[in-house]
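Notes follow the structure.
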Amino acid sequence: DNQRRSRARKKEYVATLEAKYQECQRMGVEASIEIQNAARAVVKENSRLKELLKKVGLVDEEVD
């Protein structure tokens, strides 16, 4: 009886750990997507700012 309860507790513990692991993986994927989106936004904004600087007379060498 003790062994059965011990195995049941262990099985429940492992299932809990697996669920936590899967949640962490999901959160990692979401964070990665957010970082990629933020990086794209920064690249886009930098391009717009460079264009604005060119319009006011700065050349590429001065901008980079």
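Observations, loosely collected:
Residue by residue, here is whether (1) of a type in the set (Ser, Thr, Tyr); (2) assigned to a loop (DSSP other than H, G, I, E, B) holds:
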{"site": "ARG9", "(1), (2)": "no, no"}
{"site": "TYR13", "(1), (2)": "yes, no"}
{"site": "GLU18", "(1), (2)": "no, no"}
{"site": "GLU30", "(1), (2)": "no, no"}
{"site": "ARG40", "(1), (2)": "no, no"}
{"site": "SER47", "(1), (2)": "yes, no"}
{"site": "LEU58", "(1), (2)": "no, yes"}
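- Among the candidates ASN2, ASN46, residue that is among the polar types (S, T, N, Q), open to solvent by 100 Å² or more (accessible area, probe 1.4 Å) and free of Cβ contacts under 8 Å to residues at least 40 places away in the same chain: ASN2
- Qualifying residue in the stretch 19-40 (condition: at positive phi and without any contact (Cβ under 8 Å) to a residue 60 or more places away in the chain): no
- Checking each residue in the stretch 51-64 for being open to solvent by less than 80 Å² (accessible area, probe 1.4 Å) and among the charged types (D, E, K, R) picks out only ASP60.
The values are calculated or read from the model by the stated rules, or taken from the named source; none is laboratory data. Predicted, not measured: the structure shown is a model, and the values here were computed from it. Neighbour counts are summed over all protein chains in view; Cβ atoms, including those assigned to glycine, are modelled from backbone coordinates with ideal geometry. When the accessible area is computed, the model is the full protein with side chains, heavy atoms only, and any ligands, DNA or RNA have been set aside. Shrake-Rupley method; radii C 1.70, N 1.55, O 1.52, S 1.80 Å.
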